[in-house]
1. Mind counting the residues in region B:94-131 that are more than 19 Å from A:ARG6 (Cα to Cα), assigned to a helix (DSSP H, G or I) and more than 9 Å from every other protein chain (Cβ to nearest Cβ)?
2. Could you list, in sequence order, all residues of region B:22-45 that are touching a helix residue (DSSP H, G or I) at 6+ places or on another chain (Cβ under 6 Å) and within 12 Å of DNA strand D (Cβ to nearest atom)?
3. Report whether or not B:ILE67 is more than 10 Å from chain A (Cβ to nearest Cβ), within 16 Å of B:LEU126 (Cα to Cα) and hydrophobic (A, V, I, L, M, F, W, C).
4. Look at region B:53-68 and say how many of its residues are more than 10 Å from DNA strand C (Cβ to nearest atom) and open to solvent by less than 70 Å² (accessible area, probe 1.4 Å).
5. Does A:MET71 meet the test of being surrounded by 15 or more Cβ atoms within 10 Å (Cβ to Cβ), farther than 30 Å from B:THR5 by Cα and touching a residue at least 24 places away in the same chain (Cβ under 8 Å)?
6. Condition check: within 14 Å of DNA strand D (Cβ to nearest atom) and either not aromatic (Phe, Trp, Tyr) or not in a helix (DSSP H, G or I) (or both). Does A:LEU72 satisfy that?
7. Given the structure, is B:LEU83 within 16 Å of DNA strand C (Cβ to nearest atom) and open to solvent by less than 20 Å² (accessible area, probe 1.4 Å)?
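The values are calculated or read from the model by the stated rules, or taken from the named source; none is laboratory data. Keep in mind that this is a model prediction, so the values were computed, not measured. Every residue, glycine as well, gets a Cβ built from its backbone with ideal geometry; the counts of neighbours run over all protein chains shown. Calculation scope for accessible area: heavy atoms of the full protein, side chains included, ligands and nucleic acids excluded. Shrake-Rupley method; radii C 1.70, N 1.55, O 1.52, S 1.80 Å.
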Protein chains: 2
Amino acid sequence: MLKLTRKLEYALIALRHMQTKGKLLSTTKEISDIYAIPQELLAKTLQQMARLEYIDAVQGPHGGYRIHSTMLEISLTKFIEDLEGPMGMVDCSVTSDCIQLNNCNIRQPINRINDNIRSIFSRINLSDITH
Amino acid sequence: MLKLTRKLEYALIALRHMQTKGKLLSTTKEISDIYAIPQELLAKTLQQMARLEYIDAVQGPHGGYRIHSTMLEISLTKFIEDLEGPMGMVDCSVTSDCIQLNNCNIRQPINRINDNIRSIFSRINLSDITH
DNA sequence: TTATACCCGACTATAATAGTCGTATATAGT
DNA sequence: ACTATATACGACTATTATAGTCGGGTATAA
């Protein structure tokens, strides 16, 4: 309950690391070594963030990644959903194939809480974590 | 990310159901039938809540469960942690055996967010969900 | 004494997450 | 052109957490 996945954790660690390096490039190996993150796993996450244009990739020797400037204004909600898909306390806040649905007696109160959390996460920017 | 487990979901549904019945008893079968919850699974959760004194159990024929009056003032944080153990976005907010720990660069910002969420959950009472 | 309903631990199944591997592509340096 | 380094990417396996099942027990009203 409420726990970040490793993927998100690694992504945040990497972003923060890159942040401290400004425009200098960081390699996967460098980051995985420093923070003891499995290299191949981190690699995939960095590649995904590159596709999402959170970071810029430079290929070849002396290549690596650096933070994309607009990334800082991304909200935590968007970040999480970009990397892992929709977020919601109950499935019916995401899809609508629950056998209960109309019968369900907690749907509305839970969805209110859900909205509260989302609104907190929406007010938090990635820069609040990686600054 | 952020999703309630079925156990919590079933527990909340059951509590709300019992709430509407006041001092009348509800059986496991009754609740599992109405909301299409696997009976044995619900049974375990109700038993756990009985041990925790969230609900009172009455044994024998015509037995069942009813809500314990003080339950209403329990916070969502306590409820979740009573049923599922400690809640935290990162392990280091719970235990301290992470190989990173001092090396970790996101610990503090994440823990701030974590505290925010906890404080929201602490201000929400079960009665807000089951009323 | 029988039927009903709670009690409880051990077990299995399923699904989500975490991690690995093989191969391909880009490119700087020589 | 060749080599070493680094990203790109899909398919695979392993691990863990959650979900669900089962078998046997106890309490008690009728």
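1. 6
2. Within region B:22-45, B:THR28, B:SER32, B:TYR35, B:ILE37, B:GLN39, B:LEU42, B:ALA43, B:THR45 qualify.
3. For B:ILE67, the condition - more than 10 Å from chain A (Cβ to nearest Cβ), within 16 Å of B:LEU126 (Cα to Cα) and hydrophobic (A, V, I, L, M, F, W, C) - is met.
4. Selection size over region B:53-68: 3.
5. It is true that A:MET71 is surrounded by 15 or more Cβ atoms within 10 Å (Cβ to Cβ), farther than 30 Å from B:THR5 by Cα and touching a residue at least 24 places away in the same chain (Cβ under 8 Å).
6. In short, no.
7. So B:LEU83 passes the test.
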